[in-house]
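Presented below is the structure to which this report refers.
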Amino acid sequence: MANIILAPGWRNPGRDVTPEAAYWNRRRFLKEAGAAAAALTLVACGARDGSNSDSEGSSQRPSDPLDTIPDTPTRDLYPSPANSTYPIDRPLTDRLVAATHNNFYEFMTDTSRVWERVGPFEARPWTIEVGGEVERPGVYDVADLERELGLEERTYRLRCVEAWAMTVPWTGFPLHRLLDKVGPLSSARYVRFVSFHRPEQAIGQANQDWYPWPYYEGLRMDEAMHDLTLLATGIFGAPLPKQHGAPVRVIVPWKYGYKSPKSIVKIELVRERPPIFWHDLQPNEYRFYSNVNPQVAHPRWPQTHEELIGEGRRVPTRLLNGYGEWVAHLYDADVLNSLS
Ligand SMILES: Nc1nc2c(c(=O)[nH]1)N[C@H]1C(S)=C(S)[C@@H](COP(=O)(O)O)O[C@H]1N2
Ligand SMILES: [Mo]
């Protein structure tokens, strides 16, 4: 990734935040614009076969942001009983606001339009491969895991490094239940997550080929085993809409949002600290730990405040996103007070 030119002034059309990808230089930007135009042309050609020809040119464009929930064999498990161990001090974000403000670069960098692009993505049925330093590696069907491990609802704050935040009820189970099931070996020190790679179903993977797809993330073993860390399969009492990471994603509420990878296909327990997608792209902006910390400014976004999406209200950022009572003991001052 040589020749990266920071373009702090560049903004997504119509957006009031600078996206994580603002390191694009003009050539890359033009490349995407060109590829997007080419893709539209292709789809527009398809439309001649009689499929609908709306302005997006896609016959698979959802008509509604909540029309993106895949057919789910475990629909009867939703809504699930609420677990209120972790109290919340903010009103819930509006469900439609959350479903139309998404970071999911596999589809599009414009957060307001991700939902329009997820139509072709086949999010069910779905399996996760769990392997590495475990006693019982295997390929697990998400629907089987939902039934076996038990679903519950937890309302968490989620804080994006772009300084916006939301408060939403996730449905899922703590990741430690799955890790206990597969039996971590004592050699397991970190957990590595990998998202899907399907350029034929995810237009952002097809036309932004400079990203090192698939998306990958990681946690330290104690972070992964912490009760706050969820594998989420639902939101607002229903299975996840595709733009939120259907059918299963990680949620780590005390870290910046990019530490919560969507639509994961692989969980691997490893000995060494795994590389992470955003750090590999911009090492001085994204670090492995990425704990929410108002005192540690990101090079492009001061982190002292955050905007509550849908409300437009700005509130002070809280250390560890307000979860310090439960996770501060995991870190020494070095980790907390550096960009990490
Ligand atoms: N696979 C994948 N996971 C991802 C992302 C992404 O682009 N791809 N974006 C991350 C970022 S930056 C944020 S803030 C959250 C946003 O989750 P939401 O769209 O459900 O609010 O997803 C995270 N998980
Ligand atoms: Mo984010």
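The values are calculated or read from the model by the stated rules, or taken from the named source; none is laboratory data. Bear in mind that the values here come from a model prediction, so they are computed numbers and not experimental data. With ideal geometry, Cβ positions are generated from the backbone for all residues, glycine too; neighbour counts draw on all protein chains shown. Keep in mind that these areas ignore ligands, DNA and RNA; they rest on the heavy atoms of the full protein, side chains included. Shrake-Rupley method; radii C 1.70, N 1.55, O 1.52, S 1.80 Å.
If each of residue 94 and residue 76 carries a label point 7 Å out from its Cα toward its Cβ, how far apart are those two points in nm?
In this crude label model, residue 94 to residue 76 measures out at 3.6 nm.
Counting only heavy atoms of the protein chains, get the accessible area per residue of the stretch 165-322 (1.4 Å probe) and round it to a whole Å² value.
With the other protein chains kept in place, the stretch 165-322 gives 30 Å² per residue.
Quick check: residue separation of residue 297 and residue 315 times 0.36 nm, minus the Cα distance between them. What number comes out in nm? Walk me through the intermediate numbers first.
Values: separation 18, 0.36 × 18 = 6.48 nm, distance 1.59 nm.
Full extension from residue 297 to residue 315 adds 4.9 nm.
Can you give me the C-alpha center-to-center distance between the stretch 228-281 and the stretch 138-180, rounded to a whole angstrom?
8 Å
Return the tail of the calculated pair distribution for the stretch 14-336, meaning the percent of Cα-Cα pairs more than 36 Å apart. Kindly include the intermediate steps, with their values, before the conclusion.
Details: 7971 of 52003 pairs.
Within the stretch 14-336, distances greater than 36 Å cover 15 percent of Cα pairs.
Based on the Cβ-Cβ distance from residue 337 to residue 63, what FRET efficiency comes out when R0 is 56 Å, to the nearest 0.05?
Details: r = 48 Å, r/R0 = 0.85.
Once rounded, the FRET efficiency stands at 0.70.
Per-residue HN-Hα couplings for the stretch 200-211, Karplus 6.51 cos²θ - 1.76 cosθ + 1.60 at θ = phi - 60°, whole Hz, x for Gly and Pro?
6, 10, 10, 5, x, 6, 6, 9, 10, 7, 7, 7
Lysines within cross-link reach of residue 181: Cα-Cα under 26 Å, excluding same-chain residues under 8 positions apart?
Partners found: 255, 259, 262, 266.
Provide the gained length on full extension for the span residue 305 to residue 325, in nm with one decimal, where the gain is 0.36 nm per separating residue minus the Cα-Cα distance. Kindly include the intermediate steps, with their values, before the conclusion.
Details: separation 20, 0.36 × 20 = 7.20 nm, distance 2.01 nm.
That pair, residue 305 and residue 325, stretches by 5.2 nm at full extension.
Share of the stretch 189-265's accessible area from carbon and sulfur, percent, 1.4 Å?
Numbers: 860 of 1610 Å².
Roughly 53 percent of what the probe reaches on the stretch 189-265 is carbon or sulfur.
Can you compute the FRET efficiency between residue 280 and residue 139 using 1/(1 + (r/R0)^6), with r the Cβ-Cβ distance and R0 = 41 Å? Round to the nearest 0.05.
Calculated transfer efficiency: 0.95.
Which semi-axis lengths, in whole Å and largest first, follow from the square roots of five times the eigenvalues of the Cα gyration tensor of the stretch 220-340?
Result for the stretch 220-340: semi-axes of 22, 20, 15 Å.
How much net charge surrounds residue 198 when only other residues with a Cβ under 10 Å from its Cβ are counted (Lys, Arg +1; Asp, Glu -1)?
Working: positive: none; negative: 106, 122, 200.
After counting each charged neighbour, the total is -3.
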